[in-house]
Amino acid sequence: MIRSHWRGWHLVLFEDRGSPHTAEDSRELAVDLGIQIRLLPRATPELNAMDHLWRHVKRWALSDRPTQSIDMSADDACRYILEMSPRERLQKAGVFSAGFWLAG
């Protein structure tokens, strides 16, 4: 999906060191698609924009009620994110912050 959307671009993904990102099959697929993977240092959630966005989603979309099921919570989280504008998503992820590490 990333490659089809950003056709013709040189892509570099910054990922945490979770097993889905370090698995051999994932790494091989990235190579086949011409996507470079850069792994973030361990224990540095402040560098991971998705962690900032997820923290916001947990606080505002999921924290006001008990989890009835994983599927319901996942649907609620996805709906909350999709209802944000693309700019809001980037803002909540901290990308527009003056201290964002990729800025500048």
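The values are calculated or read from the model by the stated rules, or taken from the named source; none is laboratory data. Here the structure is a predicted model, which is why all the values come from computation and not from measurement. We place every Cβ from the backbone using ideal geometry, glycine too, and count neighbours over all the protein chains shown. When the accessible area is computed, the model is the full protein with side chains, heavy atoms only, and any ligands, DNA or RNA have been set aside. Shrake-Rupley method; radii C 1.70, N 1.55, O 1.52, S 1.80 Å.
Could you work out the pair-distance distribution P(r) of the stretch 11-52 from its alpha-carbon pairs, with 5 angstrom bin width and percents rounded to whole numbers?
Spelled out bin by bin, the stretch 11-52 gives 5, 25, 30, 22, 14, 5 percent.
If you work out Rg and Dmax of the Cα atoms in Å from the coordinates, which of (i) 15.6, 44; (ii) 13.2, 43; (iii) 13.5, 38 do you get?
(i)
Please list, ordered by chain and number, the residues whose modelled amide H lies under 5 Å from the amide H of Leu11; skip anything fewer than 5 residues away on the same chain.
Residues meeting the amide H criterion: Gln36.
Sort Ser73, Ser63 by accessible area with a 1.4 Å probe, largest first.
Working: Ser73 30, Ser63 80 Å².
From most exposed to least exposed: Ser63, Ser73.
Students often check this: by mean Cβ neighbours within 10 Å, which of 2-13, 47-58, 26-37 ranks highest, and how do the rest follow? Could the numbers behind the result be given before it?
On the way: 2-13: 9.9, 47-58: 16.7, 26-37: 12.8.
So the peptides 2-13, 47-58, 26-37, ranked by packing, come out 47-58, 26-37, 2-13.
Can you run phi through the Karplus equation (6.51, -1.76, 1.60; θ = phi - 60°) for the stretch 45-52 and list ³J(HN,Hα) in whole Hz, with x for Gly and Pro?
3J(HN,Hα) across the stretch 45-52, in whole Hz: x, 5, 8, 9, 4, 5, 5, 5.
Which of these, Arg59, Arg89, Arg17, has the largest mean-square fluctuation under a Gaussian network model of the chain (Cα springs below 10 Å)?
Maximum among the listed residues: Arg59.
So what is the 222 nm mean residue ellipticity for the chain from helices alone, if each DSSP H run of at least 4 adds -39500 (n - 2.57) and you divide by all residues, rounding to the nearest 500 deg cm²/dmol?
On the way: 6 runs with 47 residues, N = 104.
Calculated from helices alone, the mean residue ellipticity at 222 nm is -12000 deg cm²/dmol.
Ala103 to Met50: FRET efficiency via 1/(1 + (r/R0)^6), r the Cβ-Cβ distance, R0 25 Å, to the nearest 0.05?
Approximately 0.90, to the nearest 0.05.
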